[in-house]
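Each remark here refers to the structure printed beneath this line.
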Amino acid sequence: MSFKQSVKEILSNHFQRDIEILGYNSVGGGSINHAFKIKTDEGEYFVKTNSKNRFPQMFQKEAMGLEILAKANCIGVPKIICYDDIEDDSFLILDFIDSAYKSDNFWDDFAEKLACLHKNSNSQFGLDHDNYIGSLVQYNDFKNTWAEFFAEQRLEKQLKLAFDSLSIDKSVLPYFERFYLRLDEIFPQEKPSLVHGDLWSGNFMTGSDAKAVIIDPAVYYGHREMDLGMSLLFGGFSNQFYESYNRYFPLEKGWEQRMEYCNLYPLLVHVNLFGGGYASSVKSIISKF
């Protein structure tokens, strides 16, 4: 079945009427999925598609993450239309977001809304289901402490993949083991926060109201500094964002120095997704231990 026919079938089933596809074109959707803007007689939609066998339930998990963020009622997320599998492909269909220019108080407003999101808490670190970060499975078994969760569910899982693929050598293991022993003293003791989980500059948009909309989540209840660290990894946000965040939900002293430790996780993810070029960054950070 062609792409157009597949989308027509999914939308027609969802709206319970025959939907006419008026046109579509490819748009940026990251390095993992194929993404399209679809114009129909019902409206305009953003469609992502990928292999259902290579990435089982990936779009279902993304939709679940968007629903969790939406229920927090703090920050804009795309509206989920539907998701489904057709033959060998999976599809996720969202409302199409027309980008706009940032408002004068964009970064302050974004910071306030992220702080609101982070104030949503849980009794344990983790989530009641595993999901994805990029195209890798993200493991979310509940743990009572951040140190335990960060070591076991974040770093050790990615290190094993990197070791198995020979993307990073095992000489770093003693450094990580010493790092694990110090996690409780490095990270402030805080309640679990609902985090976006993959909050780099490519995962937010400016919506038609000129305010931030966050996309492509990898949600879980974790340490809120993980989102701040990720936001700095590839260019960072405006300085105003960090100043405002610290006004709405102050971070413990020394947060700037902890950001690189937070980013061990996304850097290892990049080692496993894109090859060993990121391994030197990981080694540079962890060699301090």
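Residue 264 fulfils the conditions (1) within 14 Å of the chain's Cα centre (by Cα); (2) crowded, with 21+ Cβ neighbours inside 10 Å; (3) not hydroxyl-bearing (Ser, Thr, Tyr) except for a single criterion, (1).
Per-residue answers, yes or no, for (1) assigned to a loop (DSSP other than H, G, I, E, B); (2) of a type outside the set (S, T, N, Q); (3) over 29 Å from the mean Cα position of the chain (by Cα):
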{"position": "4", "(1), (2), (3)": "no, yes, no"}
{"position": "19", "(1), (2), (3)": "yes, yes, yes"}
{"position": "23", "(1), (2), (3)": "no, yes, yes"}
{"position": "56", "(1), (2), (3)": "yes, yes, no"}
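For the stretch 10-58, residues that are among the aliphatic types (A, V, I, L, M) and more than 15 Å from residue 96 (Cβ to Cβ) total 3. Flag: residue 32 matches the condition of being part of a loop (DSSP other than H, G, I, E, B), surrounded by fewer than 19 Cβ atoms within 10 Å (Cβ to Cβ) and not aromatic (Phe, Trp, Tyr). Selection of strands (runs of 3 or more DSSP E) fully inside the stretch 119-238 by the criterion of at least 3 residues being touching a residue at least 60 places away in the same chain (Cβ under 8 Å), touching a His at 6+ places or on another chain (Cβ under 6 Å) and not hydroxyl-bearing (Ser, Thr, Tyr) returns nothing.
Filter the stretch 196-229 for residues that are at pLDDT below 95 and small (Gly, Ala, Ser); which is farthest from residue 257 (Cα to Cα)? Once the filter is applied, the top-ranked residue is 208. Restricting the stretch 158-177 to residues that are out of contact with any helix residue (DSSP H, G or I) (no Cβ under 9 Å at 6 or more places or on another chain) and charged (D, E, K, R), the residue that is nearest to residue 261 (Cα to Cα) is 177.
When each of 48, 8 is tested for being part of a strand (DSSP E or B) and basic (Lys, Arg), the lone residue that passes is 48. Residue 116 meets each of the listed conditions (1) surrounded by fewer than 20 Cβ atoms within 10 Å (Cβ to Cβ); (2) part of a helix (DSSP H, G or I); (3) of a type outside the set (Lys, Arg); (4) not assigned by TED's automatic domain parsing to the domain that holds residue 133 apart from (4).
Being surrounded by 17 or more Cβ atoms within 10 Å (Cβ to Cβ) and either in the same structural domain as residue 28 (by TED's automatic domain parsing) or at positive phi (or both) is a property that residue 216 has.
The values are calculated or read from the model by the stated rules, or taken from the named source; none is laboratory data. Note that the structure is predicted; figures quoted are calculated from it, not measured. Positions of Cβ are backbone-derived with ideal geometry, glycine not excepted, and every protein chain shown enters the neighbour counts.
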